[in-house]
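The values are calculated or read from the model by the stated rules, or taken from the named source; none is laboratory data. All figures in this text were calculated on a predicted structure; none of them were measured in a lab. Glycine also receives a Cβ, built like all others from the backbone with ideal geometry; neighbour counts cover every protein chain displayed. Surface areas here come from the heavy atoms of the whole protein model, side chains and all, with no ligands, DNA or RNA. Shrake-Rupley method; radii C 1.70, N 1.55, O 1.52, S 1.80 Å.
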Amino acid sequence: MQQSADRIEHQVGLMSEHLTAIDIKIERLGDKIDRLADRISELTNAVNGHLEVAKQQALNIGELTKLVVAQTNMVATFMSRSS
């Protein structure tokens, strides 16, 4: 009976050690997940910044295209007047 109690006590001790190790690993994984989430957030902000620059460039190209069209029309008007 005492051997059985000792064996159970030993097994409970081992299980406690395992649970403590698992708890530490879970805590470390939680820390890693937090760091990854922070990094993902930083990268998302960087990508969003690049997208905003691209949008501005697209708007600029649109405005430049309008200017080219206006200048082309002016040149055509001048050429038709001079002929």
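At a probe radius of 1.4 angstrom, the accessible area of the stretch 1-48 per residue rounds to 95 square angstrom. Please give the helix 2-82 orientation as an angle from the longest Cα principal axis of the chain, in degrees from 0 to 90, rounded to the nearest 10. The helix 2-82 is inclined about 0 degrees to the chain. With unit charges on the beta carbon (Lys/Arg positive, Asp/Glu negative), name the residue among MET15, LEU29, ASN48 whose Cα is farthest towards the positive pole of the charge dipole of the chain. The residue sitting farthest along the positive end of the dipole is ASN48.
Using a probe of 1.4 Å on the protein chains alone, the accessible area found for GLU9 is around 130 Å².
Between VAL53 and LYS25, the modelled label-to-label distance comes to 4.3 nm, taking each label 7 Å out from Cα in the direction of the beta carbon. For LYS66, the lysines whose Cα comes closer than 28 Å to its Cα, not counting residues fewer than 8 places off in the same chain, are LYS55.
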